[in-house]
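J.: Dropping the structure in here first, questions after.
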């Protein structure tokens, strides 16, 4: 089992089909934006570019963590710089948590829990009755968590 950092291949196709709404959009006269979440996984999880949806298999469990993870807030709405489009999320924290995670899955809970991206932490990360925080990279064309060049 392994966690491999990647943008989900299914997500790329779904973008072209207009499935995901990261910014506020108007669809048939109604203003809408999808809800994105991030779930944490143990080193026993098998996640990567072929992951198509959120799963509870090998999801972290422990004090301060609920199945499905945290809801993310888009902090930088879809924008572009040069030839790269990007967006970013606000950092997210599980407070007073006792958990160990090796990676995470960003997914769209509005659209049948479709996978967006897999994050590999490189090694197990642990919090013991403390904050477990995901710090997203700088929101720019070279570093943002979601970039399309």
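Where a number appears in this text, it was derived from the coordinates with a stated rule and is not lab data. Keep in mind it's a predicted model, so treat the numbers as computed, not measured.
J.: Quick one: work out the % antiparallel among DSSP beta bridges in the chain, nearest 5. Write out the running numbers ahead of the final one.
T.: Values: 37 of 38 bridges.
Percent antiparallel among DSSP bridges in the chain is about 95.
J.: While we're looking at this one, here's another question. Taking only the Cα atoms of the chain, how large is their convex hull per residue, in Å³? Can you show the working numbers first?
T.: Details: hull volume 16.1 nm³, N = 149.
Residue-normalised Cα hull volume stands at 108 Å³.
J.: Can you tell me, using C-alpha contacts under 8 Å and at least 6 residues apart, the relative contact order of the stretch 24-149 as a whole percent?
T.: Values: 282 pairs, mean separation 36.3, N = 126.
For the stretch 24-149, the relative contact order is 29 percent.
J.: In a Gaussian network model over the chain where Cα atoms closer than 10 Å are linked, find which of 105, 47, 87 has the largest mean-square fluctuation.
T.: Fluctuation is largest for 87.
J.: For the chain, modelled as a GNM with alpha-carbon contacts under 10 angstrom, which of 134, 106, 38 fluctuates the most?
T.: Answer for the Gaussian network model of the chain: 134.
J.: May I ask for the percentage of alpha-carbon pairs in the stretch 36-96 that lie more than 14 Å from each other? Before the final figure, lay out each step's value.
T.: On the way: 1198 of 1830 pairs.
Result: 65 percent of Cα pairs exceed 14 Å.
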